[in-house]
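The values are calculated or read from the model by the stated rules, or taken from the named source; none is laboratory data. The structure presented is a predicted model; accordingly, all values stated were derived computationally and were not measured. Glycine also receives a Cβ, built like all others from the backbone with ideal geometry; neighbour counts cover every protein chain displayed.
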Amino acid sequence: MDFEASLAQEKVKAGEEITFDLRGHANIVTFYSGEMGKEYQYREGRPLELYDPQVSFTSDAWFGTEQGQISILVSTAFNGDVSADHVRASLDAGEWIDITDEFPLPERGPVREQGVPNGPFNLSDIITAEKKGLYFAFRNKTAGGGAPTQWTFGRFLITANSVLGRQDLVTTQTAGWSSVVLGAPGNPGGPNASGTSVWFPRGSTPYPAYDNWIISKKIEFTDQDLGPDLAEPVKSYADPQLTEFKYTYDVPGTYVATFLASNVNAEGEVKVVKQVKVVVEP
C-alpha cells in the first residue's frame, strides 16, 4: 500500500495552523494528534496511573462529655469479612493501622463542634505497589456508665493524583459502609438517612460499653482504564484523495502525530501507519 505523511517544518508555533503533506492512495485515513486522549499508542485503552492518595472528612461532636472514643483506622490486610468475629480477629492480628493522631478531632465541651475539617492525610506510606487496596474504618469505643459523645462524620473523600489532575475515588455516598458491633448490642453506627454522613448515636441511659465500627468497602488504587484514545477522521471511503491535512496544536510540547491509512476491498483490508514528530513551541 502506497501512503506517506510528512511535515515540511518540524517546529511550529502553538496556535498556528500546520499542514501535513499526504501522498499515495488510501480509502480511509484517520489522525491521532499525539495530544492527551489522542495518542495512537493508547488506541486500545489508556491506563491512568494513580499516586499521592489522600483522605479527608469533617467531624461533628455533640452531647456528652466522654473523650477519646473515636479511632480512625485503615487496613491493607483486612479481607472484607465484616462479621463481628472476623473484625475482632483482624484487630487482634494487628491488621489495622491507627491513624487517629493525624486528624484534629474536636474536643468535647459545652458547645457543639460541627463540621470540623480533618485532613487531607496522605496515604502514600500505607498504599504500596504490592498493597493497592485499602479499607477505612471509624471506630467508636465507649467506657460504659458515662456520658458518651455523639459523633458524625461527613464529606468523606478519598482522592489520588494523576496526569489529568486529582481524581475523586470515593465519597461518603460511594464508600459502601458496613456497620459492625463488637461491644454492647443495640446501637450500631452507620450512614444517616440521606447517605451524606455516617454517625455513632449516643444510645440511651444507662450507657453500656459500646465498640461500634463503620467500615468502608475495599478502596482500590490500581490504574484506571480510561478507554481507548480516539482518532479524528480525515478521509472516508467516498472522499477524493487528499494531498494535505491541516491541524492546530494549542499547547507547546513534543508530539507524535499518527496517520492510520487503510485500503479495503473484496480480498480484505491493508493498513499502514505513518508517524510524524511535531515540536510545538510557545
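Worth a mention:
- Filter result for Gln41 (surrounded by fewer than 16 Cβ atoms within 10 Å (Cβ to Cβ), over 21 Å from the mean Cα position of the chain (by Cα) and outside the structural domain of Ile215 (by TED's automatic domain parsing)): yes
- Enumerated strands (runs of 3 or more DSSP E) restricted to region 179-274, each holding at least 3 residues that are under 34 Å from the mean Cα position of the chain (by Cα) and modelled with pLDDT of 95 or more: 197-200, 211-215, 253-265
- Residue selected from region 243-282 under the condition among the hydrophobic types (A, V, I, L, M, F, W, C) and loosely packed, with under 12 Cβ neighbours inside 10 Å, by the criterion nearest to Asp2 (Cα to Cα): Ala266
- Qualifying residue in region 89-103 (condition: exposed (fewer than 12 other Cβ atoms within 10 Å of the Cβ), on the phi > 0 side of the Ramachandran plot and not assigned by TED's automatic domain parsing to the domain that holds Ser236): yes
- Residue within region 244-259 that is among the acidic types (Asp, Glu), farther than 28 Å from Ala160 by Cα and in the same structural domain as Lys141 (by TED's automatic domain parsing) present: no
- Checked against the criterion of being assigned to a loop (DSSP other than H, G, I, E, B) and assigned by TED's automatic domain parsing to the domain that holds Pro208, the candidates Thr159, Thr128 yield just one match: Thr128.
- Scanning region 1-16 for residues that are surrounded by fewer than 18 Cβ atoms within 10 Å (Cβ to Cβ), over 36 Å from the mean Cα position of the chain (by Cα) and in contact (Cβ under 8 Å) with a residue 12 or more places away in the chain yields Met1, Asp2, Glu4, Ser6, Leu7, Ala8, Glu10, Lys11.
- Cβ separations smaller than 7 Å between residues 6+ apart or across chains give no pair from region 73-86 residues that are touching a residue at least 12 places away in the same chain (Cβ under 8 Å) and not assigned by TED's automatic domain parsing to the domain that holds Phe57 to residues that are part of a loop (DSSP other than H, G, I, E, B) and of a type in the set (Asp, Glu).
Here's the yes/no breakdown for (1) under 20 Å from Lys217 (Cα atoms); (2) in contact with a strand residue (DSSP E or B) (Cβ under 7 Å, 6 or more places away or on another chain):
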| position | (1), (2) |
| --- | --- |
| Pro104 | no, yes |
| Asn118 | no, yes |
| Ala143 | no, no |
| Ile158 | yes, yes |
| Leu164 | no, yes |
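- Cβ pairs under 6 Å, 6+ apart, first in region 226-245 and of a type in the set (S, T, N, Q), second modelled with pLDDT of 95 or more and surrounded by 12 or more Cβ atoms within 10 Å (Cβ to Cβ): Thr243/Leu22
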